[in-house]
């Protein structure tokens, strides 16, 4: 799941680089929200002292 979120962030950043207007703004917003989700997942992982993902 972590890898999928990272790929989604990279795709959204790529979309923001090649577009403009509303599409760019939505891509930037989505990338920001996904990064926040990753940070929150990492914090929860540290609280419970168990690995976030078994890779």
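If you go through segment 35-55 and keep only what is more than 18 Å from residue 8 (Cα to Cα) and modelled with pLDDT of 80 or more, you end up with 43, 44.
For segment 4-33, the set of residues classified as within 24 Å of residue 45 (Cα to Cα) and touching a residue at least 12 places away in the same chain (Cβ under 8 Å) consists of 5, 6, 8, 9, 30, 31, listed by residue number.
Just to be sure before I move on: is residue 20 at pLDDT 90 or above and in a loop (DSSP other than H, G, I, E, B) in the structure I sent? The answer is yes for residue 20.
The values are calculated or read from the model by the stated rules, or taken from the named source; none is laboratory data. Small disclaimer: the values here were computed from a predicted structure and weren't measured. Glycine also receives a Cβ, built like all others from the backbone with ideal geometry; neighbour counts cover every protein chain displayed.
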